[in-house]
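The values are calculated or read from the model by the stated rules, or taken from the named source; none is laboratory data. Computed from a predicted structure; not experimentally measured. Note that each Cβ is placed from the backbone with ideal geometry, even for glycine, and that neighbours are counted across all protein chains shown.
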Amino acid sequence: MLFQRLSTRLAVLYAGLFGAGLLLVFLCVFVAISQAAQRQVRTELTATGSVFDHVWALRTERLREGAQLLSRDFGFQQAVATGDETTIVSAMDNLRRRVGVDRAFVLDEAGRPIGAKMAPQDAQRLQAAFSASEQPSGVVMLDDQPYHVTSAPILSPDLLGWVAFGVRLDAEEMRELEQLSAIPLEAAVVHREPTHGWETDASLPRQDQAAVRRFITASLTGGRGSPETLDLSDGRSIALAKPLPSLDGRGQAALLLRYPLDRALAPFRPLFAVVAALSLTGVLVVGFGSLLLARGVTRPVTDLDEAARRLQRGEDAQVEATTDDELGRLAHSFNAMATTIRDRERRITHLALHDEETGLPNRLTLERVVDGLSDRPHGQVYVAALGVRRFDHLRGAIGYALAAQAVRTIGNRLAGLAPSSGVARIATDVLGFTIVAQGPDAAVDDARRLLTELEQPLRMGGGDAIDVSLDLGLAALDASVGAAATIELANVALDQARTGRRKVTFFDAEAYGDPAANLSLMSSLIRALETGGMELHYQPKVDLRARRVTGVEALARWRHPVRGMLSPDLFVPMAEETGHIRNLTEWALRRAIADQKALAGAGFPLDVAVNISGRTLGEPDFADFALAEAAEARGALVFEITETAVIENPELALAMLDRFAAAGIGISIDDFGTGLSSLAYLKRIRGQELKIDRSIVEGVTESQRDALIVRSTIDLAHSLGLKVTAEGVETEACFALLSAMGCDRAQGYLVGRPMPLHELLAYLGQTDAGLRSYA
Ligand code: C2E
Ligand code: CA
Ligand code: CA
């Protein structure tokens, strides 16, 4: 954890390096000092050795003088010669005290001690040594103790014996020697008996004892190049060995001077302590300093590290670039990268929730808005699908970009009118949004109000205005169905509105049916045509000036054995899509011609209008069939066609229409105002009638705009030599207004609903058929 921080690691590294350097210096100082100390110790040891030589020689001289003085004393010689023990003993005691020796004794020429006790073998050895040398002096073992013995012969004039003095080379003696030295050393005498080997200091460790023995042997041999001093492992001391002369040449002895090194180093100890304290302080200071420095240096890195974590969490992650070095540049790059990432993230989120072409929110956004409303009570939330009528034609005329711009403009207008409704583009030409209202009627009212506002002409880029017609499908939000499915249902409702040409419609589950069942529906359609399940009803068209019914429009009705009465809005588009429309049209044409004969026979020679779908108009052999059938007709036949049928396949359609016209069949342009009205085609269709769609007619008394459209359409149609029929006339006000505007014919529930032939006959049989209430 601690070492995860760069600053700590740097600080530890610095302090460690510095500490190691200091340690090295400290070691060098230590080695240098202790080497100097060792050199000094060796010099001192050698000096002390020389001092000892001098002391030894002086003492030997003093002892010899004392011994000679006594040996020459005549009385003493007499006492020895006569064996006067008492005199000898008293003289010896006397002398011993005066000279200050440990032992004083007399040996006769045969080697017997006089007036002194001594082991016989010691006495023998001494006698041998004394007689072998002129001035005998040296180390000898007496009672297993080393003594410095010096003797003088007693001559009178023949040899009577020897006077000898011995100084015990014991600890006390050594202390005196130690005090002579300028340095604090330890002195000891080591000796060897031929039978025993070396006696060394028992306090020395084993390996040192061996080393000391070898060292002394080498010193005694006195060969050139033999070491002057010896380093001992015990207490790290240095030793010097001085060979001591042996009295009898048998035993060998040496003086061992030892100097413990730490005692030599003791004066330097305060120095070491000071150096150590300084080093420690240095390490601490450097450690703390480098921690501060490292923090400073690593601060930008730490900032970057934290910013990177924030970036990971999706938070704002800008760092301040305080320097213009690599770290500063890194901070700049990081900021740029973070900005790019955030922008890209925003763009991705935006793309996920928006439509690329228009920038409007997309279906997903709407789903979220709908989801957010799902806790409202049932029957208060509605999803609306707003469609631009004939959008593909609009797009064909003004281009993709402008068409998309039109959708965007409508979307923005809608968002302005209903700010929190979640306006979204849910299909190329469809905008979805939500309506919160107290029940379906209120929702429809809201929708209609919005439509009126939205159908204001759109100002496009170049300042040109285009008119758009809108349709709207509604679906109530059902929590069990979910947002996505409800949006789908609103879309279906829009399709139903379009095919039913109702501006605003609710989703009709019954009419929608079950898509899977629809396919089988088509096969039963063919059967219905053969078995009489399909009927043809007739809706009267009334001439506004003549005030009488001059024609009827044939409309298919299907009595489905299971589903009951089915609307053409359901099965006609389905038949068009599945290719069965040709059968239906042919059946309707035959049926209409037959019924027209019946009408004529009953005294009603009426124009009969049959709807010919655009798809049928695109099939070349249909004309042959139609013309053959028409030849049988009694009275005027009219084919109702839509402009779009012509626009989709102009060459073929126009050629076919020309053939119909030539055969005396009237052409009626159906559903005018729902599509993209094109004057060019209008002029080329050799028609007699133009039918204004009921979606426009129904608003004529309320909407100024619709009134204007109807009015100008009437004028336009008249100028092209066309009679105008208004569809969907339901009220007397509408009827009156249309009459005033110069409209030629009216069709609608006010005049009469579509009805079976027998009802039509009864209807026509009444006086002033269809005009009773409003004539
Ligand atoms: P369309 O040719 O525009 O037919 C007029 C429709 O308006 C008929 O609907 C009629 O019932 C309805 N209508 C008439 N007056 C009023 C009114 O005052 N108010 C309202 N709200 N509606 C009125 P329908 O019969 O449901 O037919 C729907 C469409 O189905 C027709 O529209 C036509 O395009 C098509 N269609 C009907 N029969 C045939 C047919 O035999 N062959 C072909 N190809 N299409 C047919
Ligand atoms: Ca029609
Ligand atoms: Ca129509």
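Taking first residues from segment 576-594 that are away from ligand 2 (no atom under 16 Å from the Cβ) and partners that are of a type in the set (Gly, Ala, Ser), the Cβ contacts under 8 Å between residues at least 6 apart in sequence or on separate chains come to Asn583/Ala575; Ile593/Ala630; Ile593/Ala633.
Among all positions in segment 259-274, there is at least one residue which is of a type outside the set (S, T, N, Q) and in contact with a Pro (Cβ under 6 Å, 6 or more places away or on another chain). Identification of helices (runs of 4 or more DSSP H) wholly contained in segment 553-627 with 1 or more residues that are away from ligand 3 (no atom under 16 Å from the Cβ) and over 24 Å from Glu727 (Cβ atoms) yields 568-578, 581-601.
Any residue in segment 639-651 that is of a type outside the set (Lys, Arg) and assigned to a loop (DSSP other than H, G, I, E, B)? Yes: segment 639-651 contains one or more residues that are of a type outside the set (Lys, Arg) and assigned to a loop (DSSP other than H, G, I, E, B). Which members of segment 691-729 meet the condition of being assigned to a helix (DSSP H, G or I), within 15 Å of ligand 2 (Cβ to nearest atom) and polar (S, T, N, Q)? Scanning segment 691-729 gives a single hit, Ser695.
Quick one: would you say Met534 is touching a Lys or Arg at 6+ places or on another chain (Cβ under 8 Å) and free of Cβ contacts under 8 Å to residues at least 24 places away in the same chain?
Working: touching a Lys or Arg at 6+ places or on another chain (Cβ under 8 Å): yes; free of Cβ contacts under 8 Å to residues at least 24 places away in the same chain: no.
Judged against the criteria, Met534 is not a match.
Of the set (1) over 23 Å from Ala11 (Cβ atoms); (2) at pLDDT 85 or above; (3) within 17 Å of the chain's Cα centre (by Cα), all apply to His332 but (3). Selection of first residues in segment 749-765 that are touching a residue at least 60 places away in the same chain (Cβ under 8 Å) and in a helix (DSSP H, G or I) and of second residues that are within 16 Å of ligand 3 (Cβ to nearest atom) and not aliphatic (A, V, I, L, M), restricted to Cβ pairs under 7 Å at least 6 apart or on distinct chains, gives the following pairs, ordered by first then second residue: Leu757/Tyr538; Leu760/Tyr538; Tyr763/Gly752.
Restricting attention to segment 365-381, does a residue exist that is of a type outside the set (Lys, Arg), outside any loop (DSSP other than H, G, I, E, B) and more than 39 Å from the chain's Cα centre (by Cα)?
Residues of segment 365-381 of a type outside the set (Lys, Arg): 365-367, 369-375, 377-381.
Then keep just the ones that are outside any loop (DSSP other than H, G, I, E, B); that gives 365-367, 369-372, 381.
Going one step further and asking which of them are more than 39 Å from the chain's Cα centre (by Cα), we end up with 381.
Yes, there is a match, as at least one residue in segment 365-381 is of a type outside the set (Lys, Arg), outside any loop (DSSP other than H, G, I, E, B) and more than 39 Å from the chain's Cα centre (by Cα).
Select, from Ala442, Ala437, Ala475, Ala427, the only residue that is farther than 22 Å from Arg705 by Cβ, modelled with pLDDT of 90 or more, touching a Leu at 6+ places or on another chain (Cβ under 6 Å) and of a type in the set (A, V, I, L, M, F, W, C). If you could, list the steps in order and put the result at the bottom.
Numbers: Ala442 fails: touching a Leu at 6+ places or on another chain (Cβ under 6 Å); Ala437 fails: touching a Leu at 6+ places or on another chain (Cβ under 6 Å); Ala427 fails: touching a Leu at 6+ places or on another chain (Cβ under 6 Å).
The match here is Ala475.
When Asp93, Asp108, Asp73 are screened for being touching a Phe, Trp or Tyr at 6+ places or on another chain (Cβ under 9 Å) and at pLDDT 85 or above, only Asp108 passes.
When each of Ala447, Ala490, Ala497 is tested for being surrounded by 15 or more Cβ atoms within 10 Å (Cβ to Cβ), within 16 Å of ligand 1 (Cβ to nearest atom) and closer than 12 Å to Ala384 by Cβ, the lone residue that passes is Ala497. Of the residues contained in segment 263-280, one or more are found to be closer than 27 Å to Gln4 by Cα and surrounded by fewer than 17 Cβ atoms within 10 Å (Cβ to Cβ).
Quick test for you: out of Ala91, Ala129, pick the one residue that is surrounded by 15 or more Cβ atoms within 10 Å (Cβ to Cβ), in contact with an Asp or Glu (Cβ under 6 Å, 6 or more places away or on another chain) and in a helix (DSSP H, G or I).
Numbers: Ala91 fails: in contact with an Asp or Glu (Cβ under 6 Å, 6 or more places away or on another chain).
When all the criteria are applied, what remains is Ala129.
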